[in-house]
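Everything below concerns the one structure shown next.
The values are calculated or read from the model by the stated rules, or taken from the named source; none is laboratory data. Worth saying up front: this structure is predicted, and the values here are computed from it rather than measured. Here Cβ is always computed from backbone atoms with ideal geometry, including for glycine, and neighbour counts include all displayed protein chains. These area figures cover heavy atoms from the full protein model, side chains too; ligands, DNA and RNA do not enter into them. Shrake-Rupley method; radii C 1.70, N 1.55, O 1.52, S 1.80 Å.
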Amino acid sequence: MGKKGTAGNQGPEIRSDCYVAFELKSSGSREIILTSKVDALYKKSIQDLAHQILDFFNIKDAKLEIIDRGALTFVLAARIESAVKECLETGEEFWLDMIPENQYQTEKDRTRRSRLYLPGNTPRLMLNAGVHQPDGIILDLEDSVAPDKKAQARLVVRNALRQVNFYGAERMVRINQIPMGLVDLTFIVPHHVNLILLPKCESADQVQAVDLKITEILSDSGMDYPVYVMPIIESALGVIKSFEIASSSERVAALAIGLEDYTADLGAPRTKEGRETFFARNQVVNAARAAGIQAIDSVFSDVADMDALRDVVLESKSLGFDGMGCIHPRQIKVIHEAFKPTEAEIAKAEKIVRAFDEAALKGLGVVSLGSKMIDPPVVKRAQKMIDLAVKSGQLPVDWKEQRIDPDQ
């Protein structure tokens, strides 16, 4: 008997996935056994994909069994490659075509009100995630993936970055802790990922190691596009070092906090009132603002209580956070609504931006609004408020052309 490898999931409850069993043989040519609920329509295309992958790895004598439960091409390819790599020592990777819809870049200070977590080894949750219009989608390789499934998840996430349309959401990947996370990067960075989440970050050295690895991978791949980093603060030490972390690299676009692990590190139960996390959340916001980047709050774990979620988001906004995580699509709308600027905030931002524009037209180096002097950071915040109001449909794109009452 030859070497054997398996990958994927099986069972009557499994959807949009498959199970693959691969065995290298000393002779006897190839044998592909396919069981699929879409056999009549897709048998040949699935078999052709299997032959293509086996040809790529120069495998002539093998037995490949596929139990398909409606898996798309990116899943089938990842599962077959994973099973093969359990039997072969190879650094080669089988890349599917990159769809044009996934070759976009994002801005460092783009709107990040919501980021939706998706387990990296559960492909069915990835298929329509972009339809819910989160600002960001996180393909997770860390806590949501069992230790013995992480190698498989890397290939699923890599293929999803190449072939799943996320409809303009910022494509994020949460890697594992360093040093395993550095290995994750080799499977992620060359595939137009927009942002890397670095979990349980406790030092600038960890961020700089990720920065260096990203730079090396892009250079080796002959690619040049921005890849940002969002360190996640999840411990008492991380909170104390949050400014050092926030200012450690130009790639750092935002600083996030993870309250489940933070409260566990404190040895304090996490409560609805959140008194045990107040210091940490304020520290993270202050560190992020001092470094000139965004602050992102933790997830809210009760997916059934929308009223409580709204209260938490409003508190988060009042503390200075720019967004928060979510673990279910139904949370996205509530988060977006609660992070909308108020009418008073929009009116104030309009006045500041108009005053700045008028001063610039007059060649003035100083901007004033009434008796108050307006400095550049205030103008920048006001413009971000305007941008968010436009994105939320509260202001028209051509708002500057609209007349305003000078007495307002």
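Determine whether VAL131 is in a helix (DSSP H, G or I), of a type in the set (Val, Ile, Thr) and open to solvent by less than 30 Å² (accessible area, probe 1.4 Å). The answer is no for VAL131.
So is LEU139 surrounded by 18 or more Cβ atoms within 10 Å (Cβ to Cβ), touching an Asp or Glu at 6+ places or on another chain (Cβ under 8 Å), among the aliphatic types (A, V, I, L, M) and not assigned by TED's automatic domain parsing to the domain that holds LEU76 or not? Against the criterion (surrounded by 18 or more Cβ atoms within 10 Å (Cβ to Cβ), touching an Asp or Glu at 6+ places or on another chain (Cβ under 8 Å), among the aliphatic types (A, V, I, L, M) and not assigned by TED's automatic domain parsing to the domain that holds LEU76), LEU139 does not qualify. Checking GLU250, GLU244, GLU216, GLU202 one by one, the residue that is closer than 18 Å to VAL189 by Cα and over 19 Å from the mean Cα position of the chain (by Cα) is GLU216 and no other. Note on region 89-109: residues that are within 27 Å of ALA253 (Cβ to Cβ) and among the hydroxyl-bearing types (Ser, Thr, Tyr) total 2. Does LEU127 count as touching a residue at least 24 places away in the same chain (Cβ under 8 Å), out of contact with any strand residue (DSSP E or B) (no Cβ under 7 Å at 6 or more places or on another chain) and assigned by TED's automatic domain parsing to the domain that holds MET180? Considered against the rule, which asks whether it is touching a residue at least 24 places away in the same chain (Cβ under 8 Å), out of contact with any strand residue (DSSP E or B) (no Cβ under 7 Å at 6 or more places or on another chain) and assigned by TED's automatic domain parsing to the domain that holds MET180, LEU127 comes out as yes.
Restricted to region 190-294, the set of strands (runs of 3 or more DSSP E) holding at least 1 residues that are at pLDDT 95 or above and among the basic types (Lys, Arg) is empty. The number of residues in region 14-59 that are of a type outside the set (S, T, N, Q), farther than 26 Å from GLU92 by Cα and in contact with a strand residue (DSSP E or B) (Cβ under 9 Å, 6 or more places away or on another chain) comes to 7. For the residues LEU198, LEU218, the requirement of being surrounded by 23 or more Cβ atoms within 10 Å (Cβ to Cβ), free of Cβ contacts under 8 Å to residues at least 60 places away in the same chain and in contact with a helix residue (DSSP H, G or I) (Cβ under 8 Å, 6 or more places away or on another chain) singles out LEU198.
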